[in-house]
1. Across region 65-94, which residue is farthest from the chain's Cα centre (by Cα) among those that are farther than 17 Å from A53 by Cβ and among the charged types (D, E, K, R)?
2. What are the pairs with Cβ atoms under 7 angstrom where one residue, in region 57-70, is in contact (Cβ under 8 Å) with a residue 40 or more places away in the chain and the other, located anywhere, is outside any strand (DSSP E or B)? Sequence gap at least six, or different chains.
3. Within region 47-91, track down each residue that is in contact with a Ser or Thr (Cβ under 6 Å, 6 or more places away or on another chain) and over 17 Å from L13 (Cα atoms).
4. Within region 38-91, can you find the residues that are assigned to a loop (DSSP other than H, G, I, E, B), at pLDDT 95 or above and of a type outside the set (F, W, Y)?
5. In region 27-41, which residue that is surrounded by 12 or more Cβ atoms within 10 Å (Cβ to Cβ) and of a type in the set (V, I, T) is farthest from V17 (Cα to Cα)?
6. Name the single residue that is farthest from E25 (Cα to Cα) among those in region 71-94 being touching a residue at least 40 places away in the same chain (Cβ under 8 Å) and charged (D, E, K, R).
7. Which is assigned to a loop (DSSP other than H, G, I, E, B) and either touching a Lys or Arg at 6+ places or on another chain (Cβ under 6 Å) or free of Cβ contacts under 8 Å to residues at least 12 places away in the same chain (or both), of V24, V30?
8. Residues that are under 12 Å from the mean Cα position of the chain (by Cα), in a helix (DSSP H, G or I), buried (at least 17 other Cβ atoms within 10 Å of the Cβ) and not β-branched (V, I, T): does region 2-12 have at least one?
Amino acid sequence: MFKELNPLLHSELRLAVVSILIGVEEADFVFLRQETGATAGNLSVQLDKLARAGYIEIEKGFRGKKPRTVCRITDTGREAFAEYVEALKSYLQL
């Protein structure tokens, strides 16, 4: 009756990151940290998990002399998010 919820997206922080990235072209690490309230270490670990799953792309570079990490959602990530939302809807239609 209920659809299975994607365990990768069912984490509060990973879901928050994907939700943010759905609405923007890209977001840098600092912005994601500020928006989610996560620690730098925890956010880094969760971004790596999303990247390994192919849900996001991470680009590391520099802006001037400062390191900059930029994240973008992939088509795979968009599909996984859409499926997650549909699965949640199945829980609400009782």
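The values are calculated or read from the model by the stated rules, or taken from the named source; none is laboratory data. Just so we're clear, the structure is a prediction, and the values are computed from it rather than from any experiment. Note that each Cβ is placed from the backbone with ideal geometry, even for glycine, and that neighbours are counted across all protein chains shown.
1. Checking each candidate, the answer is K65.
2. T69/F29; V70/E26
3. Listed by number, the list holds a single entry, K60.
4. Step one: list which residues in region 38-91 are assigned to a loop (DSSP other than H, G, I, E, B), which gives 38-39, 53-55, 64-65, 74.
Narrowing the set further to residues that are at pLDDT 95 or above leaves 38-39, 53-55, 74.
Matches in region 38-91: A38, T39, A53, G54, T74.
5. V30
6. That would be E86.
7. Answer to the check: V24.
8. Checking region 2-12: not a single residue is under 12 Å from the mean Cα position of the chain (by Cα), in a helix (DSSP H, G or I), buried (at least 17 other Cβ atoms within 10 Å of the Cβ) and not β-branched (V, I, T).
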